[in-house]
Amino acid sequence: TFVAPRAFPIGFIGMLPAFGFAAVLTYLRPFAAESGLERWGALYFLVYSAVIVVSRPVAGIIQDRRGNDVVIVPIIAAAALGLAATAWSPNGPVLLVGAFCLGLGYGTLVSAGQAVAISRVGPLDIGLAVGSFFIFVDGGTGLGPMVLGGVAQHWGYRTMLWVSVALAI
């Protein structure tokens, strides 16, 4: 077979915030320009990346010691909170709080989700599990800008980001 069906549930869960992350990845620059936050928008992915450098190893240790749910549930909530702060962002510091939370949430979900996918299969199917997980996550990343871009075109970038929050929740 080419897929590991037991990895599909966590893949689907990872796909939903991936839509929102991809929308931010694609449309942050015009959103920041429209909102008068260009200077802050330039720092967004620097903050996002810095958080990931710290959060992924820490989350991995916690996940190994305490289990998947202890990590997965809070990071999905953090992803939704990051998208919400980004959507709301009345000023630059709030935009960067969005970057922080999105890095903590979605940035950590990618590695934590892989670990969940792997834990659901036997040792011979680890590659299939990771590939199956990424079918969904990469699908959300690829389709997110197309689907949510239509929302942005008709109702604006903030509405698009609020739709992303709903998907993550």
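The values are calculated or read from the model by the stated rules, or taken from the named source; none is laboratory data. Just so it is clear, the model here is predicted, and its values are computed rather than measured. Positions of Cβ are generated from backbone atoms using ideal geometry, with glycine treated the same way; all protein chains shown enter the neighbour counts. Remember, those area values only see protein heavy atoms, side chains included, never the ligands or the DNA or RNA. Shrake-Rupley method; radii C 1.70, N 1.55, O 1.52, S 1.80 Å.
Observations on the model:
- Scanning the range 38-50 for residues that are surrounded by fewer than 21 Cβ atoms within 10 Å (Cβ to Cβ) and not polar (S, T, N, Q) gives Glu38, Arg39, Trp40, Ala42, Leu43, Phe45, Leu46, Val47, Ala50.
- Those residues of the range 141-169 which are small (Gly, Ala, Ser) and surrounded by 22 or more Cβ atoms within 10 Å (Cβ to Cβ), in sequence order: Gly144, Ser164, Ala168
- Filtering the range 51-76 to residues that are open to solvent by less than 60 Å² (accessible area, probe 1.4 Å), within 14 Å of Leu102 (Cβ to Cβ) and not hydroxyl-bearing (Ser, Thr, Tyr) leaves Val51, Ile52, Ile75, Ile76.
- Scanning the range 35-48 for residues that are part of a helix (DSSP H, G or I), without any contact (Cβ under 8 Å) to a residue 40 or more places away in the chain and not aliphatic (A, V, I, L, M) yields one hit, Glu38.
- Test: residue in the range 26-34 that is out of contact with any strand residue (DSSP E or B) (no Cβ under 7 Å at 6 or more places or on another chain), open to solvent by less than 30 Å² (accessible area, probe 1.4 Å) and either under 22 Å from Gly131 (Cβ atoms) or not in a helix (DSSP H, G or I) (or both): no
- The C-beta contact set for the range 117-140 (first residue touching a residue at least 60 places away in the same chain (Cβ under 8 Å), second residue charged (D, E, K, R), distance under 6 angstrom, 6+ apart or interchain) comprises Arg120/Arg6; Val121/Arg6.
This table checks each residue for (1) part of a helix (DSSP H, G or I); (2) within 13 Å of the chain's Cα centre (by Cα); (3) of a type outside the set (Asp, Glu); (4) over 23 Å from Ala22 (Cβ atoms).
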| position | (1), (2), (3), (4) |
| --- | --- |
| Ala50 | yes, no, yes, no |
| Pro57 | yes, no, yes, yes |
| Gly60 | yes, no, yes, yes |
| Ile72 | yes, yes, yes, no |
| Ile76 | yes, yes, yes, no |
| Ala80 | yes, yes, yes, no |
| Ala87 | yes, no, yes, no |
| Cys101 | yes, yes, yes, no |
| Leu104 | yes, yes, yes, no |
